[in-house]
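Here is the structure we will look at, set down as structure tokens.
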Amino acid sequence: YDSQALHGMITTLERIREWMHERNFFEGQNSALWTLAIGYLRTSKLDEAARCLEELRTHIATARGQIENPRARARVMGQFPNLFPRLCYVHDQLGNTPAVLLAIEEGKGRVLADLQAELSKEPPTDSGFRDAVDRLPQLMQTTGTHYVTYLLAEDVTYAVLVAKNGSLHRAVIPLPQGRISSFVLIRDPRAWGKSSETDPLAAPLRSDLCRELAPLVTWLEPLFETGILSRGDHLCYSPDGELYSLPLHYLEFLGKPLVDSFSISRVQGGHSLVELLHGSSKAPSRFVCIEVPAKQDKSDKRAHLCGPGQCLKTILSGAGGRYPNLDM
């Protein structure tokens, strides 16, 4: 690119951004901030790029806080879909692990947070993500557990571990979102048997999947060797996007499945984890059970399907439904 022209563009955009700021024209200011961030990244001015991206994030949070409808709040984020991956990139380059953690949590937790706000009738706010991130290290020390969170990007996957001693560790994993998506297609039953390339029952395919996804957990191996992670520890992870369909339990860690070294659980995000561990527990009082047997299922299989519902009926009030005629 033309370095002189790029620097001239940055100078002009800064003047435009300031003019829009003085007149409270936030939509145009946001577009200028995003373009400025790209320009500063091209010129390797990471601090300036981070400043623009953080200011853009603040504007979006302010705009979301003024919208009551959760679906309308979600559309605000759709204007800059790559904001949080770019924040992860910049803060990783600057060595700022807490900022990477915050960007990951904010980048994927808004839909659930909006739903929780709607159900609880509380005013919408994005400050809960920062509060949760600030509380996670102490909470992990108190509970003696580890928390790993992932964010998928077009070119890589970002991850941060909040260890049981309160320390933070980040990784940039060379697995782009598109590659992970290709494995999800393999797991789709509608593709089974269509060709040798998409048959999930083929042994080579299973080994390819585990081998190619292993970097999602092998970056933790040095932490195991230094004692930050220990055999028998509990590892809670928060997936993103397609990772919800790919359990990490069976990925190779130190030559064996990850589940051989740790007990594992999954959570939507740090915000939810803090709520679960810090909030008061509430036992359910009702349940809904839906049984959907396949046509070819034998009678003993159908009896097993009814088991959970029958058990719940002995301790809770609830409703159930059976749909035996669905073409599964």
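Read the figures in this text as sums done on the coordinates, not as results from a lab. All of these numbers come straight from a predicted model, not from anything done at the bench. Quick reminder, even Gly has a Cβ in these numbers, built from the backbone with ideal geometry, and neighbours come from all protein chains shown.
Remarks
- For segment 17-74, size of Cβ-based charge dipole, Lys and Arg +1, Asp and Glu -1, in debye: 200
- Overall form of segment 141-183 per C-alpha gyration tensor (a/c, 1.5; a/b vs b/c): prolate
- Cut-off under 5 Å, modelled amide H: who pairs with L175 long-range: T157
- Per-residue ³J(HN,Hα) for segment 157-166, Karplus 6.51 cos²θ - 1.76 cosθ + 1.60, θ = phi - 60°, Hz, x for Gly and Pro: 10, 9, 9, 9, 9, 9, 7, 5, 8, x
- Nonlocal amide H pairs with C289, under 5 Å, H built at 1.01 Å: A319, G320, G321
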